[in-house]
1. Return one whole number: the accessible area per residue of the stretch 144-192 in Å², for a 1.4 Å probe.
2. Can you tell me which of 116-128, 146-158 comes out highest on packing, and rank the rest after it, using the mean Cβ neighbours within 10 Å?
3. Any idea what the dipole of the stretch 142-192 comes to, in debye rounded to 20, about its Cα centre with Lys/Arg Cβ at +1 and Asp/Glu Cβ at -1?
4. I need the peptides 66-76, 169-179 ranked by packing, meaning the mean over residues of other C-beta atoms within 10 angstrom, with the highest value on top.
5. Measuring from label point to label point, each 7 Å out along Cα→Cβ, what is the Ile57 to Gln144 span in nm?
6. Quick one: with all protein chains in place, what share of the accessible area of the stretch 43-92 is carbon or sulfur, to the nearest percent (1.4 Å probe)?
7. Sequence-distant or interchain residues sharing an amide H contact under 5 Å with Asn154, placed H: which?
8. Taking the Cβ-Cβ separation of Gln127 and Met69 as r and a Förster radius of 30 Å, what is the calculated FRET efficiency to the nearest 0.05?
Amino acid sequence: MSALTSLDHPGLRDRRSTGESTGATPKTAAVKQSAAAPKAAMKRGGIHRIAGAIFRIVAACMLVVAALMFVFLAIGPRVLGYQTSTMLTGSMAPLINPGDVVVTVPTSISDLQVGDVITYHIPVEDQRVETHRITAITPAADGQVAVQTKGDANNGVDPWIATLQGETVDKHVATIPYVGSAIRALREPVVLNALMYGAPAVLVVGMLASIWGTKPDGTPGASGARRASEMPGPSGTPGTTTDGTPGTTGREVSGDV
């Protein structure tokens, strides 16, 4: 009877009520925190998905551009017969600017006309390759053809007469802007080293972005489920233990009846 009497004591009821009301606030905060955790995880997952998508798009574009460049510069001349060269000076501006790629096709010398732009070896100095416009065509005594050329941006004609050798000469048919500058930049040692060591780093970043970009299902993981199972329910109501079996919350009082 003493145990039953102690349970009904006003001081004990007050202390128990005070303890239950005091513990309500931390439990509510824990519930709110656990509810906000999946939202934060979904937000982080959304950022990772966006970053991964942007990376994949950029990588795909770079691969497409690299493949097109390889086909245009390496396979095209062998299959289609055209030639490519990079313009180094501005003598043919604005038609051809420094850094542009000049595309030429072999053309019969007998078909040349004044005004055609040709690529040929100059007959003086280092016999470098020049791309200039024909201003005059003169048949030579031995049946060959001599041409006078001029750069569009130059004030006067070139100070030589070039005798074209062979049966064909490369004639300008197209200009690809800026590609030559990109090719020259890729040949720089600094750029080559950056590509050599940067490509593996980009690959690793892509793999990590793919892993981080996995779409979350919105449900808590194993640790979140365990924390939720260990969280006590409202005071005085059955809760759930870590093994999933019903239990009780609050203090347990035992005594002889």
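1. 61 Å²
2. 146-158, 116-128
3. Using only the charged Cβ atoms, the result is roughly 240 debye.
4. Going by the mean number of other Cβ atoms within 10 Å, highest first, we get 169-179, 66-76.
5. A separation of 5.7 nm, rounded to one decimal place.
6. Carbon-and-sulfur percentage of accessible area, whole number: 77.
7. For Asn154, whose amide H was placed from the backbone, there are no distant partners under 5 Å.
8. 0.55
The values are calculated or read from the model by the stated rules, or taken from the named source; none is laboratory data. Since the structure is predicted, the reported quantities are computational estimates derived from the model, not experimental observations. With ideal geometry, Cβ positions are generated from the backbone for all residues, glycine too; neighbour counts draw on all protein chains shown. Quick note on the areas: whole protein, heavy atoms, side chains included, nothing else; ligands and nucleic acids left out. Shrake-Rupley method; radii C 1.70, N 1.55, O 1.52, S 1.80 Å.
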